[in-house]
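Report on the following structure.
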Amino acid sequence: MRKIIHVDMDAFYASIEQRDHPEYRGKPLAVGRAAERGVVAAASYEARKRGVYSAMPSLSALARCPDIIFAPARFDVYREVSSQIREIFLEYTDLVEPLSLDEAYLDVTDNKFGIRSATLIAEEIRGRIKNVTRLTASAGVSINKFLAKVASDYNKPDGMFVIPPNEAERFTETLKIEQFWGVGRVTAKKMHEFGIHTGSDLKRFGEAELIRLFGKTGRMYYLFSRGIDYREVTQERVRKSLGAENTFLSDSCDWDELVKRLWGITQETWRRISKSCFFGRTVTLKIKYANFCDVTKRKTFSKPVEDMNVFWRVARELLSSIKFDEDNKIRLMGLTVSNADEQEGGNHGFRQLLLDFEEDKKT
């Protein structure tokens, strides 16, 4: 039986800004730009209480919280602090799997200090992070990655939650289906249509039936509903790409509607980019038509794109190059960034465009 910890920093970017700027402390703060097409990269807990969250348009944040403070992102500082935290993790175990700059899984089953209690290790790590960085972290402790990640959200901020082995299955029965890893908005809606609202509801379905309804991820849902997760904590791998996509509830060929949907996908993709500090030079738009044919368009720049406004402009340009009409309605859109400059960290500013659109690639 494994001992897994999921450590998640509390409002990481915003907390660093409040740490370094005393005038921001105790006030609603958003990391980002208060521009027409700006997006909130992170929000302080004071801002969250006013309804401001990451990936929200900056103008919406201002509408909900007129006195909110916007601080420009300092990704070099965030990366430096993340490295400090990573060094603390590695003092306890080499089995560290970063998910982004501010969260990671740790397998402490066999740790460097021979400590038998994962709970004690998690408390020590949280204390070490606070002493070194003056920031708080929350942690979840359990027997697998799925449960540990869910647990880390329970006592935020600056808290810890433990799911013992004998409570794992009963705990998953109480979860809302939206709390399950891999269940997004579209999948949750489909599950609701089948009367699945909680882990207990999901548990009533057999493995074969879930695979029939949800494809290969159906087996994952079957296991998770029973508190089972066989995924191992793996040491850091080189990320090649990052993105988000959305399958629409209804196919569309209306330009205004497609732009609206693309904007939502762009926000989510940029949220993931900012969270992971993964800035690539290539932006790719993927389209799937109602007949399930795929088309991709991409643009490549000489330097990684670090500006949300540039990213959104490129996404719109890519969409404008796509053919769609009543006979070619779109059912899915996705945005991906790739081609990061690994030698230089992939974190440089936008530069002159090198390549134009590639030809359509259809499958």
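Computed from the coordinates by the stated procedures, all read-outs in this text should not be read as laboratory data. This one's a predicted model, so the numbers in the text were calculated from it and none came from an experiment. Please note: Cβ atoms are built from the backbone with ideal geometry, for glycine as well, and neighbour counts cover all protein chains shown.
Fewest to most neighbouring Cβ within 10 Å: what's the order for Phe12, Phe324?
Details: Phe12 24, Phe324 19.
Final ranking by Cβ density, sparse to dense: Phe324, Phe12.
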So how strong a dipole does segment 168-224 carry about its Cα centre when Lys and Arg Cβ are +1 and Asp and Glu Cβ are -1, to the nearest 20 debye? 160 debye
Which ³J(HN,Hα) values, rounded to whole Hz and listed in residue order, are derived for segment 139-149 from phi using the Karplus coefficients 6.51, -1.76 and 1.60 in 6.51 cos²θ - 1.76 cosθ + 1.60 with θ = phi - 60°, glycine and proline given as x? 9, x, 10, 6, 8, 7, 5, 4, 5, 5, 5
The local net charge around Glu91, scoring Lys/Arg +1 and Asp/Glu -1 for residues other than Glu91 whose Cβ lies under 11 Å from its Cβ, equals 0
Which whole-Hz couplings ³J(HN,Hα) result when phi for each residue of segment 118-135 is put into the Karplus expression 6.51 cos²θ - 1.76 cosθ + 1.60, θ = phi - 60°, listed in order with x for Gly and Pro? 5, 5, 5, 4, 4, 5, 4, 5, 4, x, 5, 4, 5, 5, 7, 10, 6, 10
In segment 256-330, the GluC sites (Glu not before Pro) that fall in loop regions by DSSP, at most 14 other Cβ within 10 Å: Glu326
For a quick check: with amide H placed at 1.01 Å from N, whose amide H comes under 5 Å from Leu332's, ignoring anything fewer than 5 positions away on the same chain? Phe248, Lys288
Semi-axes of the chain from the Cα gyration tensor (sqrt of 5 times each eigenvalue, largest first, whole Å) come to 33, 28, 20
Can you give the translational diffusion coefficient of segment 13-71 in µm²/s, computed by Stokes-Einstein from the Kirkwood radius over Cα pairs at 37 °C and 0.692 mPa s? 306 µm²/s
Whole-Hz couplings from phi, Karplus 6.51/-1.76/1.60, listed for segment 20-32; x for Gly and Pro: 8, 10, x, 5, 8, 5, x, 10, x, 9, 10, 8, x
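What ranking of Thr247, Thr296 emerges when the number of other C-beta atoms within 10 Å of each C-beta is taken as an exposure proxy, fewest first?
Values: Thr247 13, Thr296 19.
By the 10 Å Cβ count, ascending: Thr247, Thr296.
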Spatially proximal lysines relative to Lys260 (Cα-Cα < 27 Å; intrachain offsets below 8 disregarded): Lys49, Lys189, Lys190, Lys275, Lys286, Lys288, Lys297, Lys299, Lys323, Lys329, Lys361, Lys362
Of the beta bridges DSSP finds with both residues in the chain, what % are antiparallel, to the nearest 5? 90 percent
Given backbone amide H placed at 1.01 Å from N, residues whose amide H is under 5 Å from that of Val39, ignoring those fewer than 5 places away on the same chain, are Arg33, Ser58
Give the long-range amide H neighbours of Glu306: residues separated by 5 or more places, or on another chain, with amide H under 5 Å away, using H modelled in the peptide plane at 1.01 Å from N. Phe350
Just tell me which aspartates and glutamates come within less than 15 Å, Cα to Cα, of Lys156; anything on the same chain fewer than 8 places away is out. Asp8, Asp10, Glu46, Asp102, Glu103, Glu123
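Loop only per DSSP, at most 14 neighbouring Cβ atoms within 10 Å: give me the trypsin sites (Lys or Arg not before Pro) in segment 111-202, ordered by residue number.
Values: sites: Lys112, Arg116, Arg126, Arg128, Lys130, Arg134, Lys145, Lys149, Arg170, Lys176, Arg185, Lys189, Lys190; in loops: Lys112, Arg116, Arg134.
Within segment 111-202, the qualifying trypsin sites (Lys or Arg not before Pro) (loop, at most 14 other Cβ atoms within 10 Å) are Lys112, Arg116, Arg134.
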